[in-house]
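Report on one structure; see the data block that follows.
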Amino acid sequence: MAMMKVLLPLLCLVALLITPNDASRRSKNHTMSAKPFKVLITHPEVPQSGIDLLKENCELIQVQSLPPSRTELLQKVRGVDGIFWGGHELLNAEVLDAAGPQLKSISTMSAGLDNVDLDEVKRRKIPLGHTPTVLNPAVADLAVGLLIAAGRRFHEGRKKIETGHWENYHLNWMLGQDVRDSVVGFYGFGGIGQAIAKRLSSFDIDQVLYTTRRRVHREIEQELNAKKVPFDELLNKSDFVVICAPLSAETQGVFNATAFNKMKTTAVLVNIARGKIVKQNDLYNALKSNRIFAAGLDVSDPEPLPPNDKLLTLDNLVIMPHIGSATNRTRSEMATIAAHNVLRGLAGERMLSPAY
């Protein structure tokens with residue numbers, strides 16, 4: 001007991017000496033752990049690579065509904081400093097108004113920006129990023145696959161098996177179009193078009209033609225044996241026509257009945273860009289009447305395409321549900337770039353991949 005009477009005042013004194021410092025330390029740690037920015041992630045399936053980057057310095061709010069609910073999005077966007085736009089919802093004044101004037105940074109996890117009201121975002125001087133070039137290899141791989149699948153009648157061949165019409169007693173049965181020594185025309189010849197052309201060069205194609213506003217660098221033309229030509233010449237001379245242009249007022253509906261009538265009857269059309277660049281009813285008629293040989297599509301109008309759409313009745317059409325960038329690696333890289341865009345915008349720095 002005597003010992004306790006001696007120690008008790010000492011313990012109290014130690015407590016008095018330690019407590020202020022400890023409280024100060026806790027306060028300092030709390031300040032250090034506070035995250036300066038709030039960021040909304042608009043889709044529940046954004047790859048972890050993007051989330052991990054953002055959560056180091058940002059408080060994250062995430063839309064949890066699937067498909068994403070616009071009501072939930074508009075509720076959760078209030079007061080955020082940044083937006084990681086992970087879906088295909090319309091990004092417009094309604095969203096920006098709901099977010100508030102403190103919004104500093106936005107990035108989509110996409111190459112295309114058709115669902116973004118660019119004029120409105122620019123008017124408010126909000127930095128906007130996207131993820132264009134990282135998906136080029138995956139989209140180019142799919143385009144080559146569609147080109148071969150359509151030219152060699154993959155879909156029709158599968159249907160022959162399923163319906164019991166495997167007629168292997170014919171010598172000239174199910175003949176398709178050769179890629180070797182063919183002329184491949186590109187409507188739009190940016191990064192994706194050039195990546196497709198590089199892949200096709202190993203198939204011993206004869207020549208690349210392309211139609212764009214501006215001529216590409218001469219070195220690229222020499223490397224890919226490419227030549228810039230008017231649109232009509234592209235249509236007349238190409239064995240395969242690949243659409244790689246962005247959707248705009250100028251490109252919308254440019255592939256119509258008039259265009260199809262200028263193509264070879266043996267020609268194959270591939271579209272990995274946007275569905276609205278093609279007048280779909282005119283394409284149906286061209287395929288149904290064998291005005292052109294076949295088509296391979298990764299995009300349509302509308303999307304999703306209704307299961308009873310008449311395009312799906314055609315044997316000479318290979319169609320995919322817009323999966324050009326759908327690989328694990330590509331989606332993870334897209335999320336990483338979009339996250340870097342948001343972070344740089346919040347820091348007042350130029351984005352890794354700005355939209356303008």
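Looking at L234, L283, L247, just one residue is under 15 Å from N316 (Cβ atoms) and not charged (D, E, K, R), and that residue is L283. In this structure, does R123 turn out to be closer than 18 Å to G345 by Cα, surrounded by fewer than 20 Cβ atoms within 10 Å (Cβ to Cβ) and either polar (S, T, N, Q) or not assigned by TED's automatic domain parsing to the domain that holds L60 (or both)? Taking the combined requirement at face value, the residue satisfies it.
Can you find a residue in region 300-313 that is charged (D, E, K, R) and surrounded by 14 or more Cβ atoms within 10 Å (Cβ to Cβ)? Even if it seems obvious, please write down each step before you answer.
Initial filter on region 300-313 (charged (D, E, K, R)): 301, 303, 309-310.
Next, from what is left, pick out any that are surrounded by 14 or more Cβ atoms within 10 Å (Cβ to Cβ): 301, 309.
Among the residues of region 300-313, at least one is charged (D, E, K, R) and surrounded by 14 or more Cβ atoms within 10 Å (Cβ to Cβ), which makes the answer yes.
No other residue among S332, S300 is in contact (Cβ under 8 Å) with a residue 60 or more places away in the chain and among the polar types (S, T, N, Q) apart from S332. Would you mind stating whether A273 is within 25 Å of the chain's Cα centre (by Cα) and either at pLDDT below 95 or assigned to a loop (DSSP other than H, G, I, E, B) (or both)? In short, yes.
Tell me the strands (runs of 3 or more DSSP E) entirely within region 170-249 that contain at least 3 residues that are hydrophobic (A, V, I, L, M, F, W, C) and under 19 Å from R274 (Cβ atoms).
On the way: elements: 183-187, 207-211, 226-228, 240-243.
Hits in region 170-249: 240-243.
Within the set A149, A98, the sole residue that is assigned to a helix (DSSP H, G or I) and either on the phi > 0 side of the Ramachandran plot or in the same structural domain as G296 (by TED's automatic domain parsing) (or both) turns out to be A149.
When you check I83 against the structure, is it closer than 26 Å to S248 by Cβ and either in a strand (DSSP E or B) or in contact (Cβ under 8 Å) with a residue 60 or more places away in the chain (or both), yes or no?
Numbers: closer than 26 Å to S248 by Cβ: yes; either in a strand (DSSP E or B) or in contact (Cβ under 8 Å) with a residue 60 or more places away in the chain (or both): yes.
Yes; evaluated as a whole, the condition is true for this residue.
Out of A355, A338, I need the residue that is surrounded by 22 or more Cβ atoms within 10 Å (Cβ to Cβ), on the phi < 0 side of the Ramachandran plot and of a type in the set (G, A, S). Which one? Steps first, please.
Details: A355 fails: surrounded by 22 or more Cβ atoms within 10 Å (Cβ to Cβ).
It is A338.
Among the residues of region 105-120 satisfying the criterion of being assigned to a loop (DSSP other than H, G, I, E, B) and surrounded by 20 or more Cβ atoms within 10 Å (Cβ to Cβ), which is farthest from the chain's Cα centre (by Cα)? Spell out how you get there, then give the answer.
Narrowing region 105-120 to residues assigned to a loop (DSSP other than H, G, I, E, B): 109-115, 117.
Still in the running and surrounded by 20 or more Cβ atoms within 10 Å (Cβ to Cβ): 109-111.
Values: M109: 7, S110: 4, A111: 4 Å.
The extreme case among them is M109.
Being on the phi > 0 side of the Ramachandran plot and free of Cβ contacts under 8 Å to residues at least 60 places away in the same chain holds for only one residue in G253, G275, and it is G253.
Screening R218 against (1) in contact (Cβ under 8 Å) with a residue 12 or more places away in the chain; (2) more than 30 Å from D81 (Cα to Cα) leaves a single unmet condition, (1).
Go through region 320-356 and report how many residues are part of a helix (DSSP H, G or I), in contact with an Asp or Glu (Cβ under 7 Å, 6 or more places away or on another chain) and not aliphatic (A, V, I, L, M). Spell out how you get there, then give the answer.
Kept after step one, since they are part of a helix (DSSP H, G or I), are these residues of region 320-356: 328-346.
Checking which are in contact with an Asp or Glu (Cβ under 7 Å, 6 or more places away or on another chain) leaves us with 346.
Those still in the list that are not aliphatic (A, V, I, L, M) too: none.
Selection size over region 320-356: 0.
Suppose we keep only residues that are surrounded by fewer than 16 Cβ atoms within 10 Å (Cβ to Cβ) and among the aliphatic types (A, V, I, L, M) within region 20-60. Which one would you say is modelled with the lowest pLDDT? Filtering region 20-60 for residues that are surrounded by fewer than 16 Cβ atoms within 10 Å (Cβ to Cβ) and among the aliphatic types (A, V, I, L, M), the one modelled with the lowest pLDDT comes out as A23. Report yes if V268 is under 23 Å from the mean Cα position of the chain (by Cα), in contact (Cβ under 8 Å) with a residue 24 or more places away in the chain and surrounded by 22 or more Cβ atoms within 10 Å (Cβ to Cβ), otherwise no. Here the answer is no, as V268 does not meet what is asked. Of all the numbered requirements in (1) crowded, with 17+ Cβ neighbours inside 10 Å; (2) touching an Asp or Glu at 6+ places or on another chain (Cβ under 8 Å); (3) in a helix (DSSP H, G or I), Y284 misses one, and that requirement is (2).
Scanning region 38-56 for residues that are over 15 Å from D81 (Cβ atoms), in a helix (DSSP H, G or I) and touching a Phe, Trp or Tyr at 6+ places or on another chain (Cβ under 8 Å) yields one hit, G50.
Filtered by the rule that a residue be under 22 Å from E45 (Cβ atoms) and either basic (K, R) or in contact (Cβ under 8 Å) with a residue 40 or more places away in the chain (or both), region 303-329 gives M320, I323, G324, S325, A326, T327, R329.
The values are calculated or read from the model by the stated rules, or taken from the named source; none is laboratory data. This is a predicted model, so every value here is computed, not measured. Every residue, glycine as well, gets a Cβ built from its backbone with ideal geometry; the counts of neighbours run over all protein chains shown.
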